[in-house]
Amino acid sequence: MTSTAFITHRDCSLHDIGSYHPESPARLSAISDHLIAQGLDHYFIFHDAPLASFEQLMRVHPAAHLERLKRASPVLGVVHIDPDTAMNPHTWNAALRAAGAGVMAVDLVMAGEVQNAFCSVRPPGHHAERANAMGFCFFNNIAVAAMHALKAHGLSRVAIVDFDVHHGNGTEDCFKDNEQVLMVGMFQHPFYPYSGTDNPASNIVNVPLPGGTGGGEFRQVVNEVWLPRLRQFKPEMILISAGFDAHNEDDMGSMKLNEKDYAWVTEQIKQLAGETAQGRIVSMLEGGYVLSALARSVAAHLKVLAGI
């Protein structure tokens, strides 16, 4: 059995900007409750996420971005950064924990303490651009983790796989033309954030897919587009922006994936990591907003990571 770390923190549930908002604390409790109900929780090594440091964040984000967000953080109530993206008094710490989880995951995997890790954290990250919070995201968690692998651990090639229903515009913004990072992604198009189709850089592999796309087409993309590019790149670590909102029950988008598709793509990534990256995988939660579908999909993903 593979050793898998499960990294989270209660601070991530204190970022709560109202019952109307789909990116809610209930997402994390749905995941943990389902793992317990299915008897899966004892297969993982649990860790509390640390706070990311400014040094770690500044490998990705300019100091002005961090200072702007810190100044925006309210003492009371809710402050909107944009119509979708808001902060309460706990959001700043939650965002630091979410980014810090990825840093810890990379450290644990690189130390050989675990084979792979899943970060059950929020707010998510893949829409956060270098200098811009947007799309529920404040810091680009996966980018902070990738830069930590490159700078703190001396890796020379890391890959990011993004299967969220939305384009990871922020991750692309952070890494376009960075030869040490290959990003492969698929996303519903046309759809928020209405990006990802205009001449991406050579290290960015974007596959826009129409609403209604199901598992067969998704698997074809993975087999024919993602895996050849990933094998050519030979990553030394694979990071996953694990968004589960392309699920057929998730009304945030209109794609038609299910738990079997998420398990299958995780198997492909795990096999590839075994070939080129000594099995090293760090997965970070992104989207997924219908609680039952999210919980079942994360469990399917985790069972493959842990070899259950």
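Values as computed for the structure displayed
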item	result
Output for the range 179-227, where each listed residue is out of contact with any helix residue (DSSP H, G or I) (no Cβ under 7 Å at 6 or more places or on another chain), part of a helix (DSSP H, G or I) and either over 24 Å from Asn258 (Cα atoms) or of a type in the set (A, V, I, L, M) (or both)	Val221, Val225
Only one of Ala293, Ala273 that is assigned to a helix (DSSP H, G or I), within 29 Å of Ala111 (Cβ to Cβ) and either charged (D, E, K, R) or over 16 Å from the mean Cα position of the chain (by Cα) (or both)	Ala273
All positions within the range 148-174 that are surrounded by 20 or more Cβ atoms within 10 Å (Cβ to Cβ) and within 17 Å of Gln232 (Cβ to Cβ)	Val158, Ala159, Ile160, Val161
Qualifying positions in the range 116-171 - more than 26 Å from Asn258 (Cα to Cα), out of contact with any Gly (no Cβ under 7 Å at 6 or more places or on another chain) and in a loop (DSSP other than H, G, I, E, B)	Arg130, Ala131, Ala133, Phe138, Ala152, His153, Gly154, Leu155, Ser156, Arg157
Output for the range 53-66, where each listed residue is closer than 21 Å to Glu172 by Cα and either of a type in the set (S, T, N, Q) or assigned to a loop (DSSP other than H, G, I, E, B) (or both)	Gln56, Met58, Arg59, Val60, His61, Pro62
One residue from Ala5, Ala99, Ala94, Ala63 being of a type in the set (Gly, Ala, Ser), surrounded by 20 or more Cβ atoms within 10 Å (Cβ to Cβ) and either out of contact with any Asp or Glu (no Cβ under 9 Å at 6 or more places or on another chain) or more than 30 Å from Val304 (Cβ to Cβ) (or both)	Ala99
Condition met for Pro235 (part of a loop (DSSP other than H, G, I, E, B), within 21 Å of Glu286 (Cβ to Cβ) and not β-branched (Val, Ile, Thr))	yes
Which listed residue, of Val114, Val106, is of a type in the set (Val, Ile, Thr), closer than 23 Å to Ala152 by Cα, touching a His at 6+ places or on another chain (Cβ under 8 Å) and in contact (Cβ under 8 Å) with a residue 60 or more places away in the chain	Val106
Residues satisfying the stated conditions in the range 260-270, i.e. surrounded by 18 or more Cβ atoms within 10 Å (Cβ to Cβ) and over 16 Å from Ile240 (Cβ atoms)	none
Extreme residue, nearest to the chain's Cα centre (by Cα), among residues of the range 32-52 that are assigned to a helix (DSSP H, G or I) and either surrounded by 17 or more Cβ atoms within 10 Å (Cβ to Cβ) or not charged (D, E, K, R) (or both)	Ser32
Residue that is farthest from Glu259 (Cα to Cα), among those in the range 1-31 that are in a helix (DSSP H, G or I) and within 16 Å of the chain's Cα centre (by Cα)	Cys12
Selection from the range 271-294 of residues that are surrounded by 24 or more Cβ atoms within 10 Å (Cβ to Cβ), β-branched (Val, Ile, Thr) and over 15 Å from Gly307 (Cβ atoms)	Val282
Residues located in the range 67-91, provided they are in contact (Cβ under 8 Å) with a residue 40 or more places away in the chain, part of a helix (DSSP H, G or I) and of a type in the set (A, V, I, L, M, F, W, C)	Leu69
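Matching residues to (1) closer than 17 Å to Ala242 by Cβ; (2) of a type in the set (Lys, Arg); (3) in contact (Cβ under 8 Å) with a residue 40 or more places away in the chain:
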position: Leu155; (1), (2), (3): no, no, yes
position: Phe163; (1), (2), (3): yes, no, yes
position: Gln180; (1), (2), (3): no, no, no
position: Pro193; (1), (2), (3): no, no, yes
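Readers should treat all values here as calculations from the given coordinates under stated rules, not as data from a laboratory. Bear in mind that the values here come from a model prediction, so they are computed numbers and not experimental data. Quick reminder, even Gly has a Cβ in these numbers, built from the backbone with ideal geometry, and neighbours come from all protein chains shown.
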